[in-house]
Amino acid sequence: KFHTLRKLFAEKMILTFIASKEKTAVKGDKGEEVLPNMGLGEIRQDDYDAVIFIGGSYQYSEDPVAHRIVREYVAHRRIIGALDKSVLTLVKAGVLKSENAVETEGSIITGNGKSINEFGESIVAAIERAEYIVETKNWRV
């Protein structure tokens, strides 16, 4: 799923950065490894147009740093996305009521009930219509 999203974002000229709890290789659900660009704690809402939590685990659901990021992004109407089990992170951060939420108004997008391509296109559409982005073709996710 990660590689599908990254490819879609590259096609739309959206720069992607990868963050994790640690700056060591992260394994995907199919065994592929990706090296993060930064630690999770380095994300600030002024630096990136969107943050997307991707994962088949609950690794960030109890993480106070992830909760801070989610709440900051929602408070500033920045795009926050969550796919699969990572939707629980948004619930635990207090911005969604249910892990089964499909999508909310505003800046929160979940992958529930969507294919990976539909989820990615929803993120792209949200970025394209975001009022706070002044320059186009230089988006950062």
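The values are calculated or read from the model by the stated rules, or taken from the named source; none is laboratory data. In this text the structure is predicted, and so the values were computed from the model without any measurement. Because the Cβ atoms are built from the backbone with ideal geometry, glycine has one as well, and the counts that use them run over all protein chains shown. When the accessible area is computed, the model is the full protein with side chains, heavy atoms only, and any ligands, DNA or RNA have been set aside. Shrake-Rupley method; radii C 1.70, N 1.55, O 1.52, S 1.80 Å.
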Carbon and sulfur atoms: what percent of the 1.4 Å accessible area of the chain do they account for?
-> 49 percent
Kindly provide the helix-only [θ] at 222 nm of the chain, computed as the sum of -39,500 (n - 2.57) over DSSP H runs of four or more divided by all residues, to the nearest 500 deg cm²/dmol?
-> -9000 deg cm²/dmol
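Starting from the Cα gyration tensor of the stretch 21-101, take the square roots of the eigenvalues, sort them a ≥ b ≥ c, and report rounded, prolate or oblate (rounded when a/c is under 1.5, otherwise prolate if a/b is larger than b/c, else oblate). Numbers along the way, then the final one.
On the way: a/c = 1.92, a/b = 1.22, b/c = 1.57.
Cα axes put the stretch 21-101 in the oblate bin.
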Once phi is turned into ³J(HN,Hα) by the Karplus curve 6.51 cos²θ - 1.76 cosθ + 1.60 with θ = phi - 60°, what whole-Hz value does each residue of the stretch 87-98 show in order, with x for glycine and proline?
-> 4, 4, 4, 5, 5, 5, 7, x, 9, 10, 8, 9
Which whole-number value in Å² is the accessible area per residue of the chain, probe 1.4 Å?
-> 55 Å²
Before anything else, pin down the relative contact order of the stretch 43-89: Cα pairs under 8 Å, at least 6 apart, normalised by residue count, whole percent.
-> 56 percent
With every protein chain in place, what's the accessible area of Phe2 (1.4 Å probe, Å², nearest 10)?
-> 50 Å²
Stretch gain in nm, segment Ala130-Lys7, where the contour uses 0.36 nm per residue and the Cα spacing is subtracted = 42.2 nm
Label assignment, Kirkwood radius over Cα pairs in Å derived from the structure, set (i) 15.4; (ii) 16.7; (iii) 15.0 = (iii)
Only Lys, Arg, Asp and Glu count, each charged at its Cβ (+1, +1, -1, -1), so figure out the dipole size of the stretch 52-92 about its Cα centre, rounded to 20 debye.
-> 180 debye
